[in-house]
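Single-structure report; data block below.
The values are calculated or read from the model by the stated rules, or taken from the named source; none is laboratory data. Everything numeric here is computed off the predicted structure, so don't read it as measured data. Note: ideal-geometry Cβ built from the backbone for every residue, glycine included; neighbour counts use all protein chains shown.
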Amino acid sequence: MQRRQLLKNSAFAMLSFSMARDLMGAPLSTVDRSSLSNNTGTIILRANENPHGPSPLARVAMQEAVAISNRYQWDMNGLLRERIGALTNHSREHITLGAGSSELLGLVCLWASYQKGHVLASEPTFKLWMPAARKMGLATQLIPLTASKHNDLDRMLASINGDTRLVYLCNPNNPTGTAHDRQTLEKFIAQACKSCIVLVDEAYTDYYDTASLANLINQHPNLIIAKTFSKVYGMAGARVGYLLAQPAMIKTLNELQAWANAGPSAVSMRGALAAMDDHTFVAFCKAENHKAKEIFCNGLAELKIPFIPSVTSFVYFDGAAYSKPVPSFLQSHQILGARSFEENSTWLRLSVGTSAEMKRVVEVLKMGR
Ligand SMILES: Cc1ncc(COP(=O)(O)O)c(C=O)c1O
């Protein structure tokens, strides 16, 4: 088979795989799977996936790595951790890899649950890991967002008590797309880390120009930073995520697994290594995300639908201002993904796709107003 055909096939296989299961845990049972292809025009905006990925370099690297998938890849694993560590001047001992960062959020909960207590988080936030945390014996204490849909950091700090084992802070927050400035976060972390583990989820920081908080792990033995290749690197279906923390913390977390760092496959790790070198692609994805988001937000503004300015690859908006239920109306036009994350709330999240996709969303919403 020609290399171009191989690449095309592999890209298509990756696309189908990433769409086969909703990231939030719900199978796509309500959707005809045969419609989930590029050819039918169905627009999928439900799990904040990057519509442009994986990068050209990652696609070639992944295809080539199929041939070495008969071997365990200890060296590649060490190399990937070394390369990730080098981004923030850390060593491979500061990193643990997982099959996506969700797996590692669960791992942190497992460790925190050894001393019974609770985990403190915002409401709403990224909750995929919460049911597992509850099963492990951690109660969840949820703090409502502020009126501007930001994490309420003051209230979170005030809620920490002797039973708090873990504070989960999603910055920028999913589903609202809001972020805090560095100084505010530094103060929050310094305070919260005094008595419990603080897990900062940076899944979306790469979409805007902000430095990772990873350098703060040097000062705080209780601080863990989670990051992923699923978003700006466009590799959600390849499943590569990682944690950064002090080596003692990483060692503790590794000891809870039968085989630490073994989540990502040879294909995924090769893809991640190549993706890190594809700066042109990352810059392209960021620029395209900004353009497509602007098209959507301008459309919402024209339709007088309130929305929260977002630094991420999704937008949170108030469906109450529209004449029809937005999720089902969009779905009837083959646009999937608008949904609610708060009980008794009219606010909805929609992922940002390509500019053409977001133009279509706006066109459909204008048709239905
Ligand atoms: C805030 C946040 N953290 C983590 C994840 C999980 O990403 P993954 O498991 O693909 O690395 C997501 C996915 O949408 C997310 O929104």
> In the range 153-171, which residues are aliphatic (A, V, I, L, M) and within 12 Å of the ligand (Cβ to nearest atom)?
Replying inline: 169
> Residues of the range 112-129 being within 16 Å of the ligand (Cβ to nearest atom) and surrounded by fewer than 19 Cβ atoms within 10 Å (Cβ to Cβ), which ones?
Replying inline: 123, 128
> Just one of 231, 187 is within 12 Å of the ligand (Cβ to nearest atom) and among the basic types (Lys, Arg); which is it?
Replying inline: 231
>> So residue 134 ticks every box in (1) more than 20 Å from residue 189 (Cβ to Cβ); (2) in contact (Cβ under 8 Å) with a residue 12 or more places away in the chain; (3) away from the ligand (no atom under 16 Å from the Cβ) but one. Which box is left unticked?
In response: (2)
> Of all residues in the range 59-111 being within 16 Å of the ligand (Cβ to nearest atom), small (Gly, Ala, Ser) and assigned to a helix (DSSP H, G or I), which is surrounded by the fewest Cβ atoms within 10 Å (Cβ to Cβ)?
Replying inline: 106
>> Go through the range 236-255 and report how many residues are touching an Asp or Glu at 6+ places or on another chain (Cβ under 6 Å) and either within 16 Å of the ligand (Cβ to nearest atom) or closer than 26 Å to residue 52 by Cβ (or both).
In response: 1
> Any idea how many residues of the range 190-217 are touching a His at 6+ places or on another chain (Cβ under 8 Å) and within 16 Å of the ligand (Cβ to nearest atom)?
Replying inline: 2
> In this structure, does residue 275 turn out to be in a helix (DSSP H, G or I) and either buried (at least 24 other Cβ atoms within 10 Å of the Cβ) or within 16 Å of the ligand (Cβ to nearest atom) (or both)?
Replying inline: yes
>> Looking at the structure I just gave you, is residue 349 of a type outside the set (Gly, Ala, Ser) and closer than 11 Å to residue 176 by Cα?
In response: yes
> So is residue 174 polar (S, T, N, Q) and within 16 Å of the ligand (Cβ to nearest atom) or not?
Replying inline: yes
> What is the one condition in (1) at pLDDT below 95; (2) in a strand (DSSP E or B) that residue 348 does not satisfy?
Replying inline: (1)
